[in-house]
Structure formats: C-alpha cells, structure tokens
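Visitor: Below: one structure in structure tokens.
The values are calculated or read from the model by the stated rules, or taken from the named source; none is laboratory data. This is a predicted model, so every value here is computed, not measured. Note: ideal-geometry Cβ built from the backbone for every residue, glycine included; neighbour counts use all protein chains shown. The accessibility values were calculated without ligands, DNA or RNA, using every heavy atom of the protein model including side chains. Shrake-Rupley method; radii C 1.70, N 1.55, O 1.52, S 1.80 Å.
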Amino acid sequence: MRAFATLLERLAFTPQRNGKIIHLKQYFAATPDPARGLALAAITGDLGLKAVTPSLLRGLAAERVDPELFAMSYDFVGDLAETIALIWQPASTTTDVPLPELVDELSNTPKSQLPARIANRLDTMSANDRYAYLKLATGGLRVGVSGRLARMALADFGSLPLAEVEEIWHGLTPPYANLFAWAEGGEKPEAAAHAPFRPVMLSTPTDLAALNGYDRAEYVAEWKWDGIRVQAVSDQGTRRLYTRTGDDISAAFPDIIDALDFDGTLDGELLIKRDDIIAPFGDLQKRLGRKTVSRKMQESHPAHMRVYDVLMWEGHDLRALPFAERRGQMDQIIKTINQPRIDLSPLLDFATWDDLAALRADPPDAVIEGVMIKRRDSPYLGGRMKGPWFKWKRDPMLIDAVLMYAQRGHGKRSGFYSDFTFGVWDADALVPVGKAYFGFTDDELKELDRFVRNNTTETFGPVRALKPLKVVEVAFEGLNRSPRHKSGVAMRFPRISRIRDDKPAAEADQIQTLRDMLN
Amino acid sequence: MSTASDLLEIRPEGLYCPPGGFYIDPVKPVDKALITHGHADHARAGHGAVMATSQTLDIMAIRYGEDFTGSRQIANGAQVVNDVSVSFHPAGHVLGSAQIKITHKSTGTAVITGDYSRQPNPACAPFEPIPCDILVTEATFALPVFRHPDPLGEIARVLASIEAFPDRAHLIGAYALGKAQRVIMLLRMAGWDGPIFIHGALQRLCDYHISQGVPLGDLRPATIDRGKKSDFAGQIILGPPSAFAATWAQRFPDPVICFASGWMQVRARARQRGVELPLIISDHVDWPDLTQTITELNPAETWVTHGREDALLRWCELQGRKARPLRLLGYEEEQD
C-alpha cells in the first residue's frame with residue numbers, strides 16, 4: 001500500500017505527462033503482480049469497487065469528528081478522501097498492508113461490516129496511506145492521470161504498440177496479469193470478450209478562420225446531432241451499446257439492441273425520434289442513467305441511432321480505409337439492414353466554407369448543434385487528434401448576468417471561490433437563472449475570488465451572498481423550460497465567458513430576454 | 001461596571017484599546033500603534049508612534065526606511081500607557097514576534113497573541129504562555145485537518161530529492177521574514193553545511209538575523225553574473241514565492257519547485273501553485289497546538305482575530321467556552 005500511496009503522491013505533484021509516465025513505469029517495474037495490475041485498474045477506473053460510497057465515509061468521519069468541524073474542513077480541503085485522511089487521529093504505529101489484501105477486503109466484506117473494517121484500517125495507517133486507501137476504496141483517484149495516459153505508460157513499459165493495447169483493453173480484466181506478461185515478453189493476450197468496444201474517433205474544435213486554411217475539396221461535412229455519441233456492436237450474437245468512453249448502456253436501450261440485426265460495429269448518435277421528429281436532448285436525458293427501462297418509456301421516448309461511421313463489418317476491419325470509402329459502404333449497409341431505428345447521417349451539400357457557414361447558421365432542425373467536418377481520406381483512428389475531423393459548433397447564446405452567490409470550488413479549484421450562481425433582473429430584483437464554475441481564465445478566477453472575499457454580504461454555511469455588483473457574460477448551449485427553477489428556465493452547459501467590468505449591474509439583462517430565447 | 005471585555009474594541013482601523021488609547025496591529029495609519037511582529041499586514045508604515053520589540057522596530061526600519069513612524073518606543077518589561085500596563089512576550093512566530101499583554105487594574109488582563117507558533121524554531125525565541133482573562137488569538141490554521149509534521153522530516157525530503165536529482169536545482173519558496181531563515185536553520189540542523197543561495201529580496205533580512213545571533217552560515221546571492229547555469233545543479237536556492245513566477249526562476253537548471261508553507265498540507269493548494277515538492281513548514285500554530293493553548297491558558301473568553309474563525313468558535317462551543325469572532329479585516333489570510 002505504501003508504494004501505491006507514494007505513486008499517487010508523485011503523480012499528483014508531477015505536472016508533466018512524461019514525468020507521470022516515468023513514475024508509472026518505475027512502479028510497474030518495481031511492483032509484483034497482482035498489486036501493479038490492481039493499481040493500474042484503480043488509475044484507469046476499472047477496479048469496480050462500488051460498496052464504499054461517499055456517504056459511508058461521511059458516516060465514519062461523523063463517528064470521530066464533530067459534523068460541523070468536518071463540514072468546514074471538507075469545504076476547505078475540497079476532497080472527501082483527503083479531508084478524512086488528514087482529520088483522522090494519527091496512528092501510534094503504522095503497518096504496510098499489501099494492496100491486494102486491501103482490495104480483496106473491500107470487495108468481499110459484507111456491507112454491514114465494511115465501515116468498521118475501514119475504520120480499523122485507517123487507525124493503523126499514515127495520513128498519506130489513508131489518502132491512497134480512501135481514494136482506492138471510492139474509485140475516482142483524480143491524480144491527473146487519464147486511463148489513456150496509464151495505458152501509454154504500460155505500452156511504454158513493455159515497448160508495446162499503444163493501439164494494440166487500447167484495442168484489447170476492454171476485453172481484459174484486473175489485475176491484468178496476462179497484459180503484464182505480454183509487456184514482459186510473453187504472449188499477446190487474446191481479446192477475450194465478444195462485442196468489444198473500440199476506441200472512438202474524436203474531433204477538435206474549429207472556426208471559419210481556421211477552415212479557410214484548408215482545402216474545401218478534401219473535406220466533407222455533416223450535421224452534428226445533439227444526442228450522445230454511441231458505438232453499437234453486434235458480434236457473433238452478442239450485442240452491445242457503448243458510450244464513447246466505453247460504458248455499456250445496453251440495458252437502458254433494449255429497443256436499439258433489438259435493432260442490431262447484423263454483424264459489425266457502427267458509430268453514431270443516439271437520439272430520441274418520434275415519427276420524423278428528432279426530440280430535444282432533454283428527452284434523451286430521461287432515458288440515460290437507468291439500469292432498466294419500462295415499455296411505456298420505450299413507447300413515449302423511442303430511441304434512434306443516426307450512423308456516422310462503420311468500424312467493423314462482417315468480420316472485416318474497415319478502420320484503415322479512407323472515410324469516403326467507408327461512407328460508400330455505409331450507404332449500402334444501412335439499406336441492407338433496413339431498420340427504421342437506424343439511419344444514416346446525411347452529408348451536406350456545400351461549395352465553399354462560406355456556404356457551410358451559412359448552413360451552420362441556419363440548420364433545418366433544432367436538434368442540430370453544429371457541423372462536423374471530416375477529411376475524405378481519414379482512416380478511423382481512436383482518440384482526439386487535430387486535422388482529420390473537426391467540430392464547428394453553433395455559436396453559444398449569451399446573456400449578461402449579475403453574480404449573486406459563490407461557493408468554494410473543489411479539486412483543482414479548492415480554496416478559490418469558483419462556483420457561481422448568477423441572476424438577471426426581474427423588475428427590481430435579481431432572480432437566479434443558473435450556476436457556472438468554469439469558462440474563466442486562471443487570472444480571472446483570482447479576480448473573481450478577490451471580488452467574492454471583498455463583497456460578501458452574508459454567509460450560509462459554505463455559500464456567500466454577494467453584493468450585486470459584478471456583471472459577467474454567460475455563454476450557454478441551449479435553454480429549456482423548467483418548472484423546477486424559480487426563473488422557469490434552465491440553461492445547458494452555462495459558463496462564464498467574460499467578466500463585464502465595463503457594465504454596471506443595473507444594465508445586466510432582464511428575465512424577459514431569456515424568456516424570449518425560449519423559441 | 002466595566003469588565004475585561006471593555007479593554008478592547010473593533011474600529012475600522014483595527015483592534016483598539018480605549019483605556020490605553022492605542023491600536024494593536026492596525027491596518028491603517030493611526031496615532032499610536034503597538035505592533036506584534038514585522039510581517040507587512042501587521043506592521044504598516046505611517047503611524048504617529050509605534051511601540052514594539054527592538055527587533056520588530058529594526059525589521060520595520062529595514063522594510064520601510066528609518067522614517068516609518070513618527071516616534072519609536074522599545075517594549076521593555078511592563079510599561080504604563082495611559083490607564084493600562086502593557087508588556088511584550090515572545091510568540092515563537094518570527095524573529096522579534098511578541099504577544100501583547102494588556103492589564104487594567106480593575107478590569108483584568110487581555111493577551112493578544114498576534115501570529116504565534118509552538119513548534120521549536122531555531123530562528124526566534126519560543127512562545128511563552130501568559131495566563132489571561134481574554135485571549136485574542138489568531139486562527140490561520142484553525143481546522144482539524146491541520147497537523148504540522150516535524151519540520152526536520154520535511155527538510156529530509158528536500159535532501160532526499162537532491163540525492164535523487166543531482167542535476168536539478170532545488171528552489172524553495174519561503175517568505176522573506178521568518179520562514180526563509182527558519183528553513184535555512186533547519187537545513188543547517190539537518191547537516192547541509194554548504195552554501196545556500198538566496199534571492200536578493202532575502203538579503204537584508206538574512207543579514208539582520210545573523211547580526212542578531214542566528215547563525216545562518218554560508219549564504220550567497222543567487223546570481224549567475226560570474227558563473228553558469230549548471231553551477232546550480234544540486235544546489236539549494238531560496239526565494240520569495242512571488243519570484244518563482246518571474247523569469248528569475250529560469251536561470252536555474254530544470255528546477256524542482258519546493259514551497260515551505262503550512263498550506264502545503266492540502267494537495268490542491270500545492271498543485272495550484274505548481275509545486276513539485278511541498279514542504280509543510282509553518283510558523284503558525286496547528287489545530288492541536290491552538291486548541292491545546294486555549295485549554296492550557298483557560299481564559300474566561302477567547303476572541304478570534306483572523307483565519308478560519310468559524311471552526312475555532314465551533315470548537316469553543318463544543319468545549320463550553322465563551323468565544324467571539326472579531327472578523328478583523330485587512331490581514332492576509334494566506335501568508336505562511
């Protein structure tokens with residue numbers, strides 16, 4: 001455990017990617033199986049320990065520390081595991097328990113006995129070990145290492161091709177003994193599972209100025225639909241629907257699964273479609289995050305997949321082909337499978353980038369959030385690289401709002417007032433219309449933090465009420481009617497795009513401006 | 001009938017003692033100020049008269065020039081100021097730092113701690129517990145998550161890092177008054193007897209410490225006028241944290257950025273500052289020392305000046321102790 005705790009500490013304080021990779025490689029080299037595989041799974045988020053919830057940890061803390069003092073400490077530290085690790089009474093003697101023993105205990109202890117077992121472990125650990133142990137127990141290490149970076153380190157450690165590691169990753173399970181064996185000169189593991197998830201190809205943002213640097217003839221464009229990106233796989237009778245991060249959401253979408261009557265892997269957008277009408281994102285949201293879905297819900301919110309790409313078809317890997325060629329095959333494939341729930345995202349007809357700009361400015365459907373631009377010759381590559389695919393999202397909506405409340409941020413922003421509630425005028429009163437906690441630069445964050453500290457009128461626990469003085473420009477992607485909000489509207493993806501020090505608070509927007517934006 | 005709580009009141013300029021006619025660590029210029037220690041947010045220039053320890057007066061003169069105040073009075077034993085008697089007692093925070101004890105014969109005694117620490121500090125005199133009716137305490141690290149570790153253990157981490165990365169310079173961020181000299185003394189205690197390079201902003205205060213009998217050893221300016229970049233490989237350089245963002249830091253070979261501060265206890269704080277090697281070394285009391293001090297002195301009332309006062313007030317409430325927040329504005333919350 002101590003070696004793992006040291007690894008986490010080093011990763012946390014090493015800003016450079018290469019430095020992190022070196023620390024990971026050293027750890028893989030110095031640590032035996034199965035500890036290193038469990039550590040890798042913990043970092044990639046694949047360890048799957050689910051029994052230890054934040055509320056269980058809060059309960060443990062409450063037995064040892066006054067809840068108010070704990071709440072104040074958590075508010076300051078900004079991380080639950082770290083708060084408990086620091087606040088726990090120091091151990092008189094510490095023991096270094098092997099990582100596999102702790103993982104085994106966390107997975108196999110009956111839920112009723114788990115709190116006591118965890119408390120006992122905390123009693124014999126150093127603060128650093130307590131932190132690593134609690135991070136492990138709750139998942140979500142947040143040490144600034146993505147799953148991809150961890151796999152890069154592993155590929156680097158064994159001089160393995162990263163693409164091959166990514167490819168078989170989803171078929172492997174912790175503690176990855178076969179993967180480490182391969183890294184140390186053994187056989188490459190078989191991609192064991194049927195219907196595996198393949199790394200998804202992502203795009204980078206662009207705009208007209210950047211596009212003018214590219215040759216129009218080399219690209220095609222299509223609408224960017226406002227649903228969620230999915231990968232539908234049907235492989236020798238096994239059918240799966242994955243999100244773009246590889247989460248299996250098959251259970252929530254049996255209607256789509258039924259329609260996967262083929263053998264292949266398709267990439268597309270998951271939408272709700274009633275007859276010919278694509279429903280807004282809010283409708284899709286009602287079906288996300290469910291373990292099961294009722295027949296009624298399937299009828300009222302029918303799922304649909306609009307296909308962007310094909311990765312595998314009837315045993316052939318098509319990813320190395322140019323996009324234009326894959327697209328030709330897709331036309332045929334969609335006709336052949338002939339499923340009303342699956343259709344093809346149409347290509348756009350445009351002669352110049354300015355034509356495309358005009359299409360983007362006036363899309364034919366409200367559920368379009370911009371355009372996608374793809375190089376005709378691009379192979380299907382997992383990951384986000386600049387060049388082959390671009391996204392050009394529609395311009396955000398903007399309002400000028402007044403900051404009303406602030407709260408300290410968590411994680412990287414811990415200690416800064418970075419979570420803001422903002423409002424607009426309804427006659428003489430401000431009515432809150434949303435919350436934002438990003439969009440500003442680090443310097444602007446410091447400015448806002450200073451403003452909060454100097455202009456607090458009241459505090460409610462961690463929340464500070466502010467003098468109505470600071471105007472910010474808020475950008476957002478859409479507006480929904482919401483009976484749950486006092487203002488009657490809910491913003492999608494709001495962020496603070498600019499601080500309007502040039503604008504007095506009285507000149508911020510009125511609530512009517514927002515109401516007028518509701519179509 | 002007057003009580004000990006009449007000894008002090010809050011005014012816009014800061015904490016005021018009506019029967020004594022003076023302020024303690026005022027944040028704005030006033031006629032008469034008693035100053036606990038030389039940190040800039042407590043010791044400001046432009047008062048009519050200042051009473052402080054001779055070291056604090058010297059430090060203020062170094063920082064602001066000889067004309068930092070109209071007149072100076074060195075604190076020396078118990079002195080009568082109008083209707084009260086005042087005396088200064090070591091606070092263990094930085095060189096010259098003092099607690100101020102105010103006694104009024106009919107109402108009682110108040111002690112204003114200023115900033116203080118109870119960890120041994122080779123760069124200044126240790127804290128002296130003073131019984132009192134009213135304890136006016138700081139609360140910079142008043143949360144139960146703050147337990148400062150043994151500072152020599154933190155210094156050992158620097159020395160281990162130098163061993164692991166002998167080609168890299170180790171840059172330690174430390175505030176110019178107090179922290180820098182303490183870190184140097186800790187390095188000396190840990191056996192680092194070679195030269196230590198210092199940023200120009202630390203020079204005069206380090207010289208002053210040496211003149212006051214704090215043996216800082218071989219200090220050299222961190223300049224490369226006559227040398228080359230690689231001369232700093234494996235060396236220790238101290239500078240004020242503000243210098244690290246400037247181009248100054250670029251003159252050193254692949255520096256390991258270290259920062260000596262109590263705030264380094266919290267990982268996100270260290271990461272926000274881009275620190276690679278956080279050193280938890282604080283010149284303030286941590287939670288156990290703070291609560292222990294209140295228990296030990298057992299004042300009738302505890303008043304909390306600046307920092308995380310809410311948590312300390314909560315603790316006092318749980319202990320059945322009378323306490324109140326002063327919510328003094330103008331002190332830097334984050335300096336350590």
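Visitor: Looking at (1) within 14 Å of chain A (Cβ to nearest Cβ); (2) surrounded by 22 or more Cβ atoms within 10 Å (Cβ to Cβ), which is the only condition B:T305 fails?
Guide: The number of the failed condition is (1).
Visitor: Out of everything in segment A:120-163 that is of a type in the set (K, R) and within 21 Å of the chain's Cα centre (by Cα), what residue ends up being nearest to A:V200 (Cα to Cα)?
Guide: Only one residue tops the list, namely A:R148.
Visitor: While we're here: Filter segment A:432-457 for residues that are of a type in the set (V, I, T), within 23 Å of A:F493 (Cβ to Cβ) and surrounded by fewer than 18 Cβ atoms within 10 Å (Cβ to Cβ) and give the result.
Guide: Once the filter is applied, which keeps residues that are of a type in the set (V, I, T), within 23 Å of A:F493 (Cβ to Cβ) and surrounded by fewer than 18 Cβ atoms within 10 Å (Cβ to Cβ), segment A:432-457 yields only A:T441.
Visitor: Then there is this: Considering only helices (runs of 4 or more DSSP H) fully contained in segment A:1-89, which possess at least 2 residues that are open to solvent by 60 Å² or more (accessible area, probe 1.4 Å) and either more than 10 Å from chain B (Cβ to nearest Cβ) or out of contact with any strand residue (DSSP E or B) (no Cβ under 7 Å at 6 or more places or on another chain) (or both)?
Guide: A:2-12, A:17-30, A:54-64, A:67-77
Visitor: Right, here's the next one. Name the strands (runs of 3 or more DSSP E) wholly within segment B:72-189 that hold at least 1 residues that are of a type outside the set (G, A, S) and free of Cβ contacts under 8 Å to residues at least 60 places away in the same chain?
Guide: B:79-81, B:84-90, B:98-104
Visitor: Which one is modelled with the lowest pLDDT, of the residues in segment A:477-499 that are under 19 Å from A:G370 (Cα atoms) and among the hydrophobic types (A, V, I, L, M, F, W, C)?
Guide: Looking at the filtered set, the residue picked out is A:L479.
Visitor: I need the full set of residues from segment B:229-281 which are within 12 Å of chain A (Cβ to nearest Cβ), open to solvent by 40 Å² or more (accessible area, probe 1.4 Å) and more than 26 Å from A:S418 (Cβ to Cβ), in order please.
Guide: B:D254
Visitor: If you don't mind, another one. Test A:V103 against the criterion of being assigned to a loop (DSSP other than H, G, I, E, B), open to solvent by less than 20 Å² (accessible area, probe 1.4 Å), under 23 Å from A:R142 (Cβ atoms) and in contact with a helix residue (DSSP H, G or I) (Cβ under 9 Å, 6 or more places away or on another chain), and give yes or no.
Guide: no
Visitor: State which residue is surrounded by the fewest Cβ atoms within 10 Å (Cβ to Cβ) when the search covers only segment B:316-336 and only residues that are under 20 Å from B:P131 (Cα atoms) and at pLDDT 95 or above.
Guide: B:G320
Visitor: Check A:A183, A:A217 and return the single one that is open to solvent by 50 Å² or more (accessible area, probe 1.4 Å), over 27 Å from the mean Cα position of the chain (by Cα) and aliphatic (A, V, I, L, M).
Guide: A:A217
Visitor: Condition first: open to solvent by 50 Å² or more (accessible area, probe 1.4 Å), farther than 15 Å from B:I112 by Cα and touching a residue at least 40 places away in the same chain (Cβ under 8 Å). Now tell me which residues in segment B:1-27 satisfy that.
Guide: If the condition is that a residue be open to solvent by 50 Å² or more (accessible area, probe 1.4 Å), farther than 15 Å from B:I112 by Cα and touching a residue at least 40 places away in the same chain (Cβ under 8 Å), then B:S2, B:T3 are the ones that fit.
Visitor: For a quick check of your reading of the model, give me the residue pairs whose first member lies in segment B:276-288 and is closer than 11 Å to B:K179 by Cα, whose second is buried (at least 24 other Cβ atoms within 10 Å of the Cβ) and of a type in the set (F, W, Y), with beta-carbon atoms closer than 7 Å and at least 6 apart or on different chains.
Guide: Going by the 7 Å Cβ cut-off, the qualifying pairs are B:S282/B:F141; B:H284/B:F141.
Yes/no matrix, rows are residues, columns are (1) modelled with pLDDT under 95; (2) open to solvent by 10 Å² or more (accessible area, probe 1.4 Å); (3) in contact with a Cys (Cβ under 9 Å, 6 or more places away or on another chain):
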{"site": "B:A180", "(1), (2), (3)": "no, no, yes"}
{"site": "B:L186", "(1), (2), (3)": "no, no, no"}
{"site": "B:W192", "(1), (2), (3)": "no, yes, no"}
{"site": "B:L202", "(1), (2), (3)": "no, no, no"}
{"site": "B:I210", "(1), (2), (3)": "no, yes, no"}
{"site": "B:T223", "(1), (2), (3)": "yes, yes, no"}
